[in-house]
1. Using modelled amide H (1.01 Å from N, peptide plane; none on Pro or chain starts), what sits under 5 Å from the amide H of VAL183, excluding residues fewer than 5 places away?
2. Taking the number of other C-beta atoms within 10 Å as the exposure measure, put MET160, MET232 in order starting with the fewest.
3. Where the centre of each part is set by its Cα atoms, how far does segment 54-75 sit from segment 86-104, in angstrom?
4. Just rank LYS229, LYS201, LYS121, LYS157, fewest to most, by other beta-carbon atoms within 10 angstrom.
5. Pulled fully out, how much extra length does the chain show between GLU273 and THR76, if you take 0.36 nm times their separation in residues and subtract their Cα-Cα distance?
6. Taking other Cβ within 10 Å of each residue's Cβ, how do PHE212, PHE20, PHE127, PHE115 sort, fewest first?
7. So who's got an amide H within less than 5 Å of the one on GLN112, skipping anything under 5 residues away but keeping other chains? H placed 1.01 Å off N, in plane.
8. Could you please report the charge total around ASN74, scoring K, R as +1 and D, E as -1 over all other residues with beta-carbon less than 10 angstrom from its beta-carbon?
Amino acid sequence: MLYSAIFQPTRLEISGTVKFRQIIVLILLLAWIWAACGCVSHGRIGVIDIDISGRMRPSPGDELILISWNIAKNVTDNPEIMRLVDDHDPDILFIQEGISTTCELFGTSFHQCLFAPSWEKIDPDGFTGVQMLSRYHLVDPVHVPSPGLEGFWFTPKASMITTLDLADGRRLMLINVHMLNFVPLGRLEAYLEAVYAHAGKHEGPLIAVGDFNTWNSPRLKAVQQFAAKLGMVEALAYHETGGTPSAWFFVFKPFMQLDLDAPMDRWFCRGVEVLSCRRLGGFVSSNHVPVLLQVRVLPP
């Protein structure tokens, strides 16, 4: 009985635990209010196609340099953007959490800017969403809005699918993904299925990239199953660290199954040879780092 009494939690300890949980709930509530004040779901469907006056390159050769970056809406007055473009010279740049009014900030190195909106920021006035900047002309862009809203923020996500004409007459399909966060696994799977519904009939080479929000093993398994259905394999990025869940995710660890070391930004490929896949160092304006993929398109 004495042993049991010694290890019984005291009223003070119980009270402290309750207060800690109350503080966590209050923080989450304040974060939700802040997010709700900063954005509204808009329901816009369709891709914005902007010619940014850069010189269009002819049909691509066998090799392509592609970069994906969740820029966390830090676009305006961000010198890292032009450094990324100048230092690594991507043929196509895939952006998540971009802003619709900032295509010109990426410079005239690119011929075309495609933008698929997710939700609208009130200040500044403009849409956020996924963005693709290309030195080649991309055709048949499709906006794939999420079938549900993201947890806590109650905002939609967006993905975009487009194609690039290759010199041999085939088309390379490109998918820029931003998956739902903080939702039951079934909603993530439903969004992946919505993307698959558009991409499943494509028979040529295929590349899917973006922020898949794969911060635990069930979510990663769902994404891997989606990739397998399309015949894709993952290109694994090494070198620089980054692209893992933000430090503040630890708040949710007591309530959710989290892997704080899991990459969320991923590349999946079909019909190409991966020459290089690496995270790029020296970029600190976002909680994600750019990831570069260099590929050679395989012959039919």
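Taken together, the values in this text are just the output of simple stated rules run on the coordinates, not laboratory data. Quick caveat, the model's predicted, so the values are computed rather than measured. Here the Cβ is made from the backbone with ideal geometry for all residues, glycine too, and neighbour counts use every protein chain on show.
1. GLY151
2. Details: MET160 27, MET232 22.
Lowest to highest Cβ neighbour count: MET232, MET160.
3. Segment 54-75 and segment 86-104 have Cα centres spaced 7 Å from each other.
4. Working: LYS229 13, LYS201 8, LYS121 16, LYS157 28.
The order, fewest Cβ neighbours first, is LYS201, LYS229, LYS121, LYS157.
5. On the way: separation 197, 0.36 × 197 = 70.92 nm, distance 3.51 nm.
Roughly 67.4 nm would be gained on extension.
6. Details: PHE212 25, PHE20 11, PHE127 19, PHE115 28.
Arranged by neighbour count, lowest to highest, PHE212, PHE20, PHE127, PHE115 become PHE20, PHE127, PHE212, PHE115.
7. HN-HN under 5 Å from GLN112: ILE52, SER134.
8. Details: positive: LYS73; negative: ASP77, GLU80, GLU97.
Around ASN74, the surrounding residues sum to -2.
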